[in-house]
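Working notes for the structure below.
Derivation of every value follows stated rules applied to the coordinates shown; laboratory data play no part. Here the structure is a predicted model, which means the values were calculated and not measured. Heads up, the Cβs are rebuilt from the backbone with ideal geometry, glycines too, and the neighbour counts pull from every protein chain shown.
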């Protein structure tokens, strides 16, 4: 599925670019977060992105046959393949986790702009300037369904998923999203070749890709926030500011999952999460922050 144009909002009002049936394998092509405008160390953001009115282009919406409001959409991520041999990261003026931002500007000047190019060589990403390699660990920075009413910028995460920048949205895992519209209206993009927790400078290793999905509709099983299942963990994502609210959302949703599907009482789930739960920051730079609460599957079933 190669798009002829991209969306810059998660919207319930856009016409679907395709309709697919649950269980069918779908390959989706995605541009990078910068519309491929940054391709070398000389392409500094203030020049290369000057004509870009919006960023983070999304492929979608894709209409999933049979999905109805109140259902849950299960997105099985089967594969992510790069469609070019390099990834880019950069410093953007007044953006990032350790600098003044557009929302927190002070009299301090912006950090100097800089671009890093990471060459994809097999399963390694090589940065000659840093004289090091890191493993290829791709994931979709953005995965979403259309919200209930609003058209929301693709830079934002929320209950609909969106720009969560969570490394566990990766091949081999299942992402569960609440459905508010007929057909669910699925969007994805912003592929990352890899990223550390927090996406500290605001820009992961951005790369173009084709991603392979299989969709499943879980009927009449509503959820409130995104959930992720790996072979050995269950995870929930909360997005908010301040960061502690994102943590509370994530853990509350994890407790609700333990209650609904694993037979735990609310108070016992609270105790289990206190002693065996884990928590990490997906992003600390977007419009709202995304945190992931999780627990190992070995603990969720009573002995």
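Observations
- Distance histogram in 10 Å bins (all Cα pairs of the chain, percent per bin): 6, 28, 35, 22, 7, 1
- Among 28-37, 102-111, 272-281, sorting by the average number of other beta carbon atoms lying within 10 angstrom of each residue, highest first, gives 28-37, 272-281, 102-111.
- Extension gain from residue 241 to residue 39, taking 0.36 nm per residue of separation minus the Cα-Cα distance: 69.5 nm
- GNM result for the chain, Cα springs below 10 Å: residue of 97, 255, 198 fluctuating most strongly: 97
- Principal-axis tilt of helix 266-276 within the chain, Cα atoms, nearest 10 degrees: 40 degrees
- Segments 161-172, 210-221 sorted - mean Cβ within 10 Å per residue, highest first: 161-172, 210-221
- Two-site label geometry, residue 50 and residue 276: point separation in nm, points 7 Å out along Cα→Cβ: 5.7 nm
- Share antiparallel - DSSP beta bridges, the chain, percent rounded to 5: 95 percent
- The range 148-303 - Debye-derived log10 I(q)/I(0), Cα point model, q = 0.11, 0.17 Å⁻¹: -0.43, -1.04
- 0 to 90° range, to nearest 10: angle between helix 243-262 axis and the chain longest Cα axis: 40 degrees
- For the range 17-108: relative contact order, % (alpha-carbon pairs under 8 angstrom, 6 or more apart): 32 percent
- Contour minus Cα-Cα distance for residue 127 and residue 297 (0.36 nm per residue): 57.5 nm
- Modelled label positions at residue 216 and residue 14, each set 7 Å beyond Cα in the direction of Cβ, lie 2.7 nm from each other.
- 222 nm mean residue ellipticity, helices alone, for the chain (DSSP H n ≥ 4; -39,500 (n - 2.57); rounded to 500): -3500 deg cm²/dmol
- Using a cutoff of 8 angstrom between alpha carbon atoms and counting only pairs six or more residues apart, the relative contact order for the range 154-216 works out to 23 percent.
- Taking every C-alpha pair closer than 8 Å and separated by at least 6 residues, the mean separation divided by the residue count of the chain gives a relative contact order of 24 percent.
- Point-to-point label distance, residue 79-residue 174, nm (Cα→Cβ direction, 7 Å offset): 2.1 nm
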